1. Which one of these is of a type in the set (Ser, Thr, Tyr), on the phi < 0 side of the Ramachandran plot and under 16 Å from the mean Cα position of the chain (by Cα): SER104, SER84?
2. Tell me, please, whether a residue that is loosely packed, with under 15 Cβ neighbours inside 10 Å and without any contact (Cβ under 8 Å) to a residue 40 or more places away in the chain can be found in the stretch 64-73.
3. Scan the stretch 244-263 for residues that are of a type in the set (D, E, K, R), modelled with pLDDT of 95 or more and more than 10 Å from ligand 1 (Cβ to nearest atom) and jot them down.
4. Take VAL180 and tell me if it is touching a Phe, Trp or Tyr at 6+ places or on another chain (Cβ under 8 Å), away from ligand 1 (no atom under 16 Å from the Cβ) and over 21 Å from ALA62 (Cβ atoms).
5. Given ARG76, ARG2, which one is modelled with pLDDT of 95 or more and either more than 25 Å from ARG352 (Cβ to Cβ) or buried (at least 23 other Cβ atoms within 10 Å of the Cβ) (or both)?
6. Kindly indicate which of ALA82, ALA62 is touching a Phe, Trp or Tyr at 6+ places or on another chain (Cβ under 7 Å), within 16 Å of ligand 2 (Cβ to nearest atom), modelled with pLDDT of 95 or more and assigned to a strand (DSSP E or B).
7. For the stretch 300-339, give me the residue count where each residue is closer than 25 Å to PRO274 by Cβ, free of Cβ contacts under 8 Å to residues at least 60 places away in the same chain and assigned to a loop (DSSP other than H, G, I, E, B).
8. Anything in the stretch 158-179 that is surrounded by fewer than 24 Cβ atoms within 10 Å (Cβ to Cβ), in contact (Cβ under 8 Å) with a residue 40 or more places away in the chain and over 16 Å from the mean Cα position of the chain (by Cα)? List them, or say none.
Amino acid sequence: MRAVVLDRPGTVSRIEELVLDDPGPGEIRVRMAASGVCHSDLHVRDGEWQRPGPIVLGHEGAGIVEAVGAGVEHLREGQLVALSWYAPCHACSACRNGREWLCSGSPSLRHGLTDGTSRVHRSNGQALYSYLSIGTLAEASVVPGAAAVPMPDGTPPEVAALIGCCVATGVGAVTKTAEVAAGSTVAVIGLGGVGLSVVMGAVLAGAGRIIAVDQVQAKTERAIELGATETIVADGHPTAIADALRERTGDGPEFVFEAIGLPVTVGQAIAALPPGGTAVLVGMTAYGQRASFEVYPFVDGGRRILGSNYGSAVAAVDFPRYAELHLAGRLPIDRLVDRRIRLDQLEDAFDRMRAGEFVRQVVLPG
Ligand code: APR
Ligand code: ZN
């Protein structure tokens, strides 16, 4: 089968013909139907995040179950599954407390299967890692059974794929991590797949005002289509976003979501808050980056900063809910997809993402 392989972070990714073994106990093989290109793949591609190599890239995917290993009770052949990039171990204290997004025993931490090995290798026998244990930028992948969540009948594969990363991350940041109350004023900085999912989550939560911010005007227009009530096109000045948000709202938005992962916009999100306001940090920076804020007014005004990882997702519960909301017309996930490409176009997709073009490019491997 063909897959997108990165020999090590910071190098050019390439398509390779690889050998995929049958699933072992607790594992399944999935024929990939769709895989979104997420900025987290780009972080790895560009060497901002260190990961072992060689590795099959991709972590936002959905496909059809092709083979089920021994002991996997919740899946059967032919089902459409969305893949979680953080397979829970179901044994650590976080999992036992229902906080799977904080699992300390996930095989995804090692980019392999639960037993620490891999089912994907080169014809010379060399084993490859699989990004976050699911390596979705491939024609097929063997994944931990715990990573796969069956989708309701009628869910489009592209929608299922996006539920696996940007939708769970963005919608969950609003509804689960921050628990935004109806009527709240919300701002979202950064309108890629993640930030626009924050916008959709804010609509779902009944936010009163939703102010969408990006440096690319086309992204702000897309946010309006998805339910944002107003927009700001950022001009790159280091304090412009916070100034504009405070000017628009008097005091600042009660919730500011940062969905880029840049120290400067993290600082802006915090600086824009009114007393009692909450900054929700969703974007992931390169390793080692720091942000800063003025402490006295932050503490004096009882402000809060929340880190939101994977939208506090419990995949087996949340993924089908997001799919049902989509099917009911309340979560227009399909409108995030604005380019469909083949596996061999991934480097071009990364170039476009660096340039701020497109919301979600989706690879259709077939
Ligand atoms: N000011 C305003 N907008 C910016 C700026 C900036 N300085 N820099 C980038 N942006 C906008 C881009 O124009 C783009 O619309 O931020 C958006 C980022 O979107 P994507 O690159 O598509 O990223 P996405 O996949 O949505 O992920 C966002 O979340 O999970 C993390 O690792 C992921 O850190 C990444 C973040
Ligand atoms: Zn992602």
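The values are calculated or read from the model by the stated rules, or taken from the named source; none is laboratory data. A quick note: this is a predicted structure, and the numbers were derived from the prediction, not measured. Ideal geometry is used to build each Cβ from the backbone, glycine not excepted, and the neighbour counts take in all protein chains shown.
1. SER84
2. yes
3. Of everything in the stretch 244-263, those that are of a type in the set (D, E, K, R), modelled with pLDDT of 95 or more and more than 10 Å from ligand 1 (Cβ to nearest atom) turn out to be ARG246, GLU247, ARG248, GLU254.
4. Spelling it out, VAL180 is indeed touching a Phe, Trp or Tyr at 6+ places or on another chain (Cβ under 8 Å), away from ligand 1 (no atom under 16 Å from the Cβ) and over 21 Å from ALA62 (Cβ atoms).
5. Of the residues listed, the single one that is modelled with pLDDT of 95 or more and either more than 25 Å from ARG352 (Cβ to Cβ) or buried (at least 23 other Cβ atoms within 10 Å of the Cβ) (or both) is ARG76.
6. ALA82
7. Final tally of qualifying residues: 3.
8. Within the stretch 158-179, no residue meets the criteria.
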